[in-house]
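The values are calculated or read from the model by the stated rules, or taken from the named source; none is laboratory data. Keep in mind that this is a model prediction, so the values were computed, not measured. We place every Cβ from the backbone using ideal geometry, glycine too, and count neighbours over all the protein chains shown. Note: accessible area is taken over every heavy atom of the protein model, side chains too, but ligands, DNA and RNA are not part of it. Shrake-Rupley method; radii C 1.70, N 1.55, O 1.52, S 1.80 Å.
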Amino acid sequence: MTRLTSIPGLPPLLACLGILVVWELLARWYGLNGLPPASQALPQIPHILSDKESLIDMGESLRRMAIGYGLALLIAVPIGLWMGRSRYAAAFFNPLMMVIYPVPKAALMPIIMLWLGVGDASKTLVIFLGVTLPLIYHSYQGSRAVEEKLLWSASAMGLGGFARLWRVVLPAALPEILVGCKTGLVLALITMVTSEMIARQAGIGNIVFVSLDLGAYDTVYAMIVIIGMLGILFDVGFEVLRRRLVGWADSPHTIMVGSA
Amino acid sequence: MIAIEGVSKRFDAARDRRHLALNDVTLSVAEGEFVSILGPSGCGKSTLLYIVGGFVEPTAGRVLVKDVPVRGPGPDRGPVFQEFALFPWKTVLGNVMYGLQQGGVPRAEALARSRELLTMVRLSAYENFYPKELSGGMKQRVAIARTLAYRPNILLMDEPFGALDAHTRTGLQNDLLHIWDKDRKTVLFVTHSVEEAVFLSDRVVMMSSAPGRIKQIFDIDLPRPRSRAELLLDRRFQDYVVEIEKMFDDTAQQAPA
Amino acid sequence: MNAVRQWSERLIGAVPIIGLLALWQAIAMSGLAPPALLPTPGVVFARFFQQLGSPAFLDHAAVTLYRLFAGFMIAVVMGVTLGIAAVGSRAFAAIVTPVVRVLAPVPKIALYPALTLTLGYDDASKIALVIADAMFPILLATYQGASAVEPKLAWSARAAGVSPVRTLFTVVLPAAMPSVLTGARIGLIISCIVVFLAEMITSTDGLGHLLMRAARNFQTVDMFVPLIAISMLGLMLNALFNLVRRRLLRGFPEEK
Ligand SMILES: Nc1ncnc2c1ncn2[C@@H]1O[C@H](COP(=O)(O)OP(=O)(O)OP(=O)(O)O)[C@@H](O)[C@H]1O
Ligand SMILES: [Mg+2]
């Protein structure tokens, strides 16, 4: 028993299998029209993934996501680090963050579409907005926790303000920043899907609703599985990266922040 | 009362890093006896106490309390930890009452008994304070009251005064002896201080480390009730302290790092 | 001295919020954007306060609040129970841990179409979505907090003759409370966000629906109002949460 569960990756695989079995059984017992069994929905996945049009759609979605996420990284991390080292910077940004935290960023989609149209720019902007706050937050926490003594010795070695931020605070806060990055990545995916569900114009989220309207429930569920797999893939991929970069720091408390 | 029979404890931190914390420890403690355990840091004193408490299972051997093998914690054995381990979300009174209330003692009775104990440890004025608002010595007294509340026959005390300053410490030693003199519970008392051990105990057990085992047992033949002021002038007391301290030094030197 | 510092920090904090409003006002007045696209903040807030007196608007807000609360509460109960149970029982943990590891990073919003198909377009599907989204941070925080509880606290209870299950709920859970509440706060914010989004995607009532209805009719001012409402709701819930938190954590050492 302990032997089996200690094989890495096996328990999650078994969990996946278990979830599929539960799904299958539920669908068969209840015989709901809106819940096709897993054995019907899953075969749709290869169909979707070999369809050129939906592949392009998904590629476009992922491209926007990458751009929005990358931009957010460039802006949010420095702000967060700065907030952690200066009480005035923290006092400046904190209330603003509190006010905008509960606003669902994907909900800005209709307004932003009004200004920027339904194209790439709106969707990318929404993803950017969705990811920024948690990134700032985690960088802030990480930089705030950097030991004062590290900075003293850096000053003693003659490092200036910016150099200290870059050479001392950033590496020391890196584990926490990466937690933020991981959270942000999953968030970016969520914002992307949601905003596409709201805009109903293109992308992964749109495919789901188009199939829903067409009554192609198998496809709906297959798409849900695909999106879920993307989330898991990002999560696992990032965890591997994180271990590489900051293997020295033990896995910090990662409380996933879902939804945007 | 307590019979520790051939107890060993091995910790398996990893497949290649096994650590024998206790090796074949045998000791019996009579009813109403006050026994101290001395030994270098890391020799397994706490582990031994936890095993008697039933919190940790031995790798080999067993512990009998009143001829019954220990299978887990029970209200016949009350621990007092070095770290106090008070419930931070409960007031002083709440901490002391917790065990009684959970045990189904009626509220009025639990309240009366808890207040009585708090008076005994001289903390009745602090019953509505939270642990974080107390000094170290006060916290330790609350912890002792909390344990005494459910009337264990055996007290298992792990360096209860270790984290306190010398003055508070001697004060609490006097308090403890005073409380103990009333109903003579069986006490297993871990400490680092030879003086403390001699002052309190009927017997002092010296352990050596890596692996932890009993090195020697000293009978402390001093009259009770004991008073600190008198004992400090007592030649026999001084001899015990010097003798045990010398043995302690030797033991510590032999200990590999 | 301390008061002065606190006030100056509050003032500094007000700067970006006021600045943002001022920028908004400036752009709206400069004629860069026509009022149909960007109404002035004055107009928007006037409309917001006017709506606060409108029973129809309040009904929508109440619907949103109900879904949010129902979902959040169920998520708290489920998350805490599962988290504590996983700490209490190894066998249970062996089942729950991998399932959570698989499900936690799944974007729950993607499940929403499935939820509408199985639970209908009404409250149930939205509450279910809130539960699915808010439960995981609470569960993880509870699990982590409870596994980090000093074992001697639990031992102290067990030694007093308290059963393992009771110890779990009377000692381990309260001791893990700071962590549980951290998770619950995240869950609360998520609940706020998720109800709104679900209402935007498909709904006939609630604040999210109001936003979509306004968008369809190109009533720009009315598009801003639900957003302000949800932000205010979030701030209020957060304040309420802090009150509860302070009471629950009275005996714990201050953070930081
Ligand atoms: N949970 C554990 N896992 C692994 N090793 C442990 C564990 N608990 C104790 N040990 C090891 O067992 C040995 C004995 O520990 P124990 O705490 O009993 O010592 P001690 O005599 O009480 O020391 P001290 O006087 O410093 O309190 C130590 O070497 C310690 O490293
Ligand atoms: Mg110890």
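Mind running the shape call on chain C? Use the C-alpha gyration tensor, a ≥ b ≥ c as the square roots of the eigenvalues: rounded below 1.5 for a/c, prolate if a/b tops b/c, oblate otherwise. Oblate is the answer for chain C, as a/c is 1.5 or above yet b/c matches or exceeds a/b. Neighbouring Cβ atoms from other chains, within 10 Å of the Cβ of residues in A:172-185, number 0 on average.
The value of relative contact order for region C:154-256, using C-alpha pairs under 8 Å at least six residues apart, is 19 percent. Probing with 1.4 Å while keeping every protein chain in the model, the per residue accessible area of the protein assembly as shown equals 46 Å². Computed over the protein assembly as shown, the percent of Cα pairs more than 37 Å apart is 54. Sorted into 10 angstrom bins from 0, the C-alpha pair distances of region C:86-206 split as 13, 34, 28, 17, 7, 1 percent. Of all aspartates and glutamates in the structure, the ones whose alpha carbon falls short of 15 Å from that of residue A:105, not counting any fewer than 8 places away in one chain, are A:196, C:199. Using the Cβ-Cβ distance between residue C:59 and residue C:241 with R0 set to 41 Å, the FRET efficiency from 1/(1 + (r/R0)^6) comes to roughly 0.95. For region B:222-243, backbone nitrogen atoms closer than 19 Å to the point 7 Å from residue B:174 Cα along Cα-to-C-beta are found at B:223-234. Mean residue ellipticity, 222 nm, helices only, chain B: the sum of -39500 (n - 2.57) across DSSP H runs of n ≥ 4, divided by residue count and rounded to 500, is -12000 deg cm²/dmol. Contact-buried residues of region C:177-197, at a threshold of 30 Å² lost accessible area versus the chain by itself: C:186, C:189, C:190, C:193, C:197 (1.4 Å probe; DNA, RNA and ligands ignored).
Pop the C-beta distance of residue A:19 and residue B:3 into the FRET formula with R0 = 45 Å and round what comes out to the nearest 0.05. For R0 = 45 Å, the calculated efficiency reads 0.30.
Only helices enter the 222 nm calculation for chain A: every DSSP H run of n ≥ 4 contributes -39,500 (n - 2.57), and dividing by all residues gives -25500 deg cm²/dmol, rounded to 500. Model label sites at residue C:248 and residue B:19, defined 7 Å from Cα along the beta-carbon direction, differ in position by 3.6 nm. Normalised size of region B:86-151, defined as Cα radius of gyration per 2.2 N^0.38 Å with N residues, equals 0.97. Look at the alpha carbon pairs under 8 Å that are at least 6 residues apart: their mean separation over the length of chain A gives a relative contact order of 24 percent.
Near the amide H of residue B:190, within less than 5 Å, lie the amide hydrogens of B:37, B:157, B:158, B:159, all on another chain or at least 5 residues away, with H placed in the peptide plane. In order along region A:34-46, the Karplus-derived 3J(HN,Hα) couplings, from 6.51 cos²θ - 1.76 cosθ + 1.60 at θ = phi - 60°, round to x, 10, x, x, 4, 5, 8, 6, 4, x, 6, 4, x Hz, and Gly and Pro are given as x. Pairing chains C and B buries close to 2000 square angstrom of accessible surface in total, based on protein heavy atoms and a 1.4 angstrom probe. In region A:37-161 the Cα-Cα distances spread across 10 Å bins starting at 0 as 11, 27, 25, 19, 11, 5, 1 percent of all pairs. Using C-alpha pairs under 8 Å with a sequence gap of at least 6, the mean separation divided by the residue count of region B:105-257 gives a relative contact order of 17 percent. Averaged over peptide C:134-141, the number of partner chain Cβ atoms lying within 10 Å of each residue's Cβ comes to 3. Based on the convex hull around the alpha carbon atoms, region B:141-257 presents an average projected area of 8.0 nm². Inter-chain Cβ neighbour count for B:54-62, averaged per residue, equals 1 (cutoff 10 Å, partner chain atoms only). As a fraction of the 1.4 Å probe accessible area of chain B, surface on carbon and sulfur atoms comes out at 49 percent. From most to least packed by mean Cβ count within 10 Å, the peptides A:48-55, C:178-185, C:205-212 give C:205-212, C:178-185, A:48-55. Accessible area buried by the pairing of C and A, both sides summed with a 1.4 Å probe, works out to roughly 5100 Å². Based on alpha-carbon centroids, what's the gap between region C:1-16 and region C:125-145 in Å, whole number please? First find each Cα centre; the distance between them is then 35 Å. Within region A:54-78, find all residues whose amide N lies under 19 Å from a label point positioned 7 Å from the Cα of residue A:245 along Cα-to-beta-carbon. What the label zone holds, given the 19 Å backbone N cut-off, is A:65-78. Using 0.36 nm per residue and subtracting the Cα-Cα separation, the extra length available between residue B:233 and residue B:151 on full extension is 26.0 nm.
What separates the Cα centres of region C:71-98 and region A:22-79 is a distance of 27 Å. For region A:124-219, the direction-averaged projected area of the alpha-carbon convex hull comes to 7.6 nm².
Taking the Cα centroid of region A:98-116 and of region C:148-176, what is the distance between the two, rounded to the nearest whole Å? Using only Cα atoms to place each centre, the spacing works out to 45 Å.
Derived scalar couplings between HN and Hα for region A:126-140 equal 5, 4, 3, 5, x, 8, 4, 4, x, 5, 4, 4, 5, 4, 4 Hz in order, rounded to whole Hz, by the Karplus curve 6.51 cos²θ - 1.76 cosθ + 1.60 (θ = phi - 60°), x for Gly and Pro. Relative to its Kirkwood radius, the Cα radius of gyration of chain B gives an Rg/Rh of 0.97.
The loop-placed GluC sites (Glu not before Pro) in region B:1-84, going by DSSP, that have at most 12 neighbouring Cβ atoms within 10 Å of their Cβ come out as B:31. Averaged over residues, the count of other Cβ atoms within 10 Å places the peptides B:50-57, B:101-108, A:163-170 in the sequence B:50-57, A:163-170, B:101-108, highest first. Backbone geometry of region B:66-82 corresponds, through the Karplus equation with coefficients 6.51, -1.76 and 1.60 at θ = phi - 60°, to 3J(HN,Hα) couplings of 6, 6, 10, x, 6, 10, x, x, x, x, 7, 10, x, x, 10, 8, 4 Hz, x marking Gly and Pro. Let me make sure I get this right: for chain A, a, b and c are the square roots of the gyration tensor eigenvalues over alpha carbons, sorted descending. Under 1.5 in a/c it's rounded, otherwise prolate if a/b > b/c, else oblate. Which is it? Because a/c hits 1.5 or more and a/b fails to exceed b/c, chain A counts as oblate.
Residue separation of residue C:3 and residue C:52 scaled by 0.36 nm, minus their Cα-Cα distance, works out to 14.2 nm of gained length.
In region C:198-236, comparing the full protein assembly with the chain on its own, the residues that lose 40 Å² or more of accessible surface at a 1.4 Å probe are C:200, C:201, C:223, C:227, C:231, C:235.
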